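*Asks:* Can you keep this structure in mind? I'll have questions shortly.
Since every read-out is calculated from the coordinates, none of them should be taken as a lab result. Please read all numbers here as calculations on a predicted model, not as lab measurements. No Cβ is skipped: glycine too gets one built from the backbone with ideal geometry, and neighbour counts run over all protein chains shown.
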Amino acid sequence: MIIRSDRIYTSDGCINGVLEIENGMIKEIRKGSSEEVDHDFTGNIIYPGLIDTHNHGNYGYALRNTNQSMEERMELVECYLKNLASFGITGVFPTCSYDNVSCVESVTHKKIRGSKILGIHVEGPWLARAGEKGTAAAYPQPTKEMAEQMVRDGKGMLKLVALSPEVKNIENITDVMHENHVALSMAHTSFNFQQATDAINNFHFVTATHVGNGMSGIHHRDVGALGAALLNQDIYCEIICDFIHLCKEMVEIIFKVKSHDKLMLISDNSEFTRLPKGRYKLDGGYIDSDGVNTLITNTGKIQGSNRTILNGLQNIVKEIGISLEEAWKMTSYNVCTHYGIEKRGKLEQGYYADFVVMNQNLEIEKTFLEGIEIYDSKKDQPKINELFVKENMIK
Ligand SMILES: [Zn+2]
């Protein structure tokens, strides 16, 4: 298959030319060619497929272990992956509960028309919730057995575990993860700058979970865990650029302080993302969704986002002035170098043909995974889990 556009964002910059795709890979990129093509996307933008490594669900499809059967839970994951393609996401680390890893892993091998599972991310349950507006602070004791079970369930797909450094006996988890080459992310911590810096070094955290959120912030006499994550140039930072989790000015500060090679846009989407506007049950309380932007719990806490990585991309390009030539590393490529995902995340000869076709407004027209169309905005509609809405909507 040969496709053309006057704006293809390759690893060598933006070109006017063609992509030749064979067996799911980019065989060749040719500049300024006038040859006949299969699809002419002139006027639209060809950009690397987005990769989201922190994403708990969407449209009522949850990745936590419910009381449903394995088959039913696997179906939820499949629907979730199909919907992700409409956000321009070609690769994802489904972010599931620690007891649902085997379910997500089982879906990895299924051929479906949707986003591809590139790894599995488990956030928690070992999170110190101090100061998080009424979120339950309790968690099970971290044991070696639990860690080993997660690794076994992942069958090599478990790539990232996020946890708080202040949790007691955390080394029961961290030691097992290190032995099995699972990356550790520092998450939900009240540690100050020095404590966070020591924790990064002692437990070898290589990622900071959604910087600025669920961590001590920057104060002029102690720059907190956020300051530790920004000043340490080895650690990669997840960043939510919806301008809700972080205000625009904080995003600007982070982009000035932190190497752009170490920033990774994430969504932190959840099963409540993109549900119809309303109030839904959540852990004995409730969560309010405005359907487009915010998800706020009954205690006033921002819990996940209604916006996607694509919205983050639009924000940093239109509002902060980051060029698309620079942005693709943060939406697609950096996660690949960081987590060892080969031949993805950029448009280059010999790489998988994972890309999106966007209009000039940076909206998704089509999504392609390994050269195959997995979403077309003119034909495909994301699907809502109606049963979830029926069971959980309060008003
Ligand atoms: Zn999360």
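*Asks:* Of the peptides 179-189, 311-321, how do they stack up when ordered by the mean number of other Cβ atoms within 10 Å, highest first?
*Replies:* Highest to lowest by the protection proxy: 179-189, 311-321.
*Asks:* What list do you get for 343, 258, 390 if you sort them by fewest beta carbons within 10 Å?
*Replies:* 390, 343, 258
*Asks:* For the chain, what is the convex hull volume of its Cα atoms per residue in Å³?
*Replies:* Cα convex hull per residue, to the nearest whole number: 131 Å³.
*Asks:* Place a point 7 Å from Cα of residue 383 in the direction of its Cβ. Which residues in the range 91-121 have their backbone N less than 19 Å from it?
*Replies:* 104, 106-117
*Asks:* With respect to the cross-link table entries 343/378; 301/395; 256/318; 301/390; 281/379; 258/366, which display a Cα-Cα separation exceeding 27 Å?
*Replies:* Violating the 27 Å Cα-Cα cut-off are 343/378; 281/379; 258/366.
*Asks:* Another question about this same structure. Which of 260, 220, 210 comes first, and how do the rest follow, when ranked by fewest Cβ neighbours within 10 Å?
*Replies:* Ranked by crowding around the Cβ, least crowded first: 220, 260, 210.
*Asks:* Quick one: what are the phi-derived ³J(HN,Hα) couplings along the range 21-27, Karplus 6.51/-1.76/1.60 with θ = phi - 60°, whole Hz, x for glycine and proline?
*Replies:* After applying 6.51 cos²θ - 1.76 cosθ + 1.60, I find 10, 9, 6, x, 10, 7, 7 Hz.
*Asks:* Count charges around residue 104 for me, please; just the other residues with Cβ under 12 Å from its Cβ, Lys/Arg as +1, Asp/Glu as -1.
*Replies:* Here the charged neighbours net out to +1.
*Asks:* Anyone know which of 367, 299, 207 comes out most mobile in the 10 Å Cα GNM of the chain?
*Replies:* Among 367, 299, 207, the largest mean-square fluctuation in the Gaussian network model of the chain belongs to 299.
*Asks:* Once you wrap a convex hull around the alpha carbon atoms of the range 1-146, what is its projected area averaged over all directions, in nm²?
*Replies:* Projected area, direction-averaged: 12.6 nm².
*Asks:* Whose amide H sits under 5 Å from the amide H of residue 286, counting only residues 5 or more places off or on another chain, with H placed in the peptide plane?
*Replies:* 298
*Asks:* Determine ³J(HN,Hα), in whole Hz, for all residues of the range 389-394 in sequence, where each value follows from phi through the Karplus function 6.51 cos²θ - 1.76 cosθ + 1.60 and θ = phi - 60°; x replaces Gly and Pro.
*Replies:* 4, 4, 7, 10, 6, 8
*Asks:* Right, another one. Only four residue types carry charge here, +1 at the Cβ of Lys and Arg and -1 at the Cβ of Asp and Glu. Report the dipole size of the chain about the Cα centre in Debye, rounded to the nearest 20.
*Replies:* 700 debye
*Asks:* Can you give the relative contact order of the range 268-395 as a percent, counting alpha carbon pairs under 8 Å and 6+ residues apart?
*Replies:* Taking the mean separation of contacting Cα pairs over the length of the range 268-395, I get 18 percent.
*Asks:* Here is a further query. Can you put 115, 11 in order, fewest other beta carbons within 10 Å first?
*Replies:* Fewest-to-most Cβ neighbours within 10 Å comes out as 11, 115.
*Asks:* What are the residues whose amide H is under 5 Å from the amide H of residue 236, where those residues sit 5 or more places off or on another chain and H is modelled from the backbone?
*Replies:* 207, 208
*Asks:* May I ask you to evaluate 6.51 cos²θ - 1.76 cosθ + 1.60, the Karplus curve with θ = phi - 60°, for each residue of the range 212-222 and list the ³J(HN,Hα) values in order in whole Hz, giving x for glycine and proline?
*Replies:* Listing the rounded values in order: x, 9, x, 8, 5, x, 8, 10, 5, 10, 7 Hz.
*Asks:* Post the alpha-carbon centroid distance, the range 322-360 to the range 202-230, in whole angstrom.
*Replies:* Between the Cα centre of the range 322-360 and that of the range 202-230, the gap is 26 Å.
*Asks:* Moving to a separate point now. In deg cm²/dmol, rounded to 500, what helix-only [θ] at 222 nm does the chain give when every DSSP H run of at least 4 residues adds -39500 (n - 2.57) and the total is split over its residues?
*Replies:* Computed ellipticity for the chain at 222 nm equals -7000 deg cm²/dmol.
*Asks:* Report, by chain and number, residues whose modeled amide H sits under 5 Å from the one on residue 215, excluding near sequence neighbours (fewer than 5 apart, same chain).
*Replies:* 189
*Asks:* Let me ask something additional. Please report, in debye to the nearest 20, how large the charge dipole of the range 234-357 is about its Cα centre when each Lys and Arg carries +1 at its beta carbon and each Asp and Glu carries -1 there.
*Replies:* It works out to roughly 220 debye.
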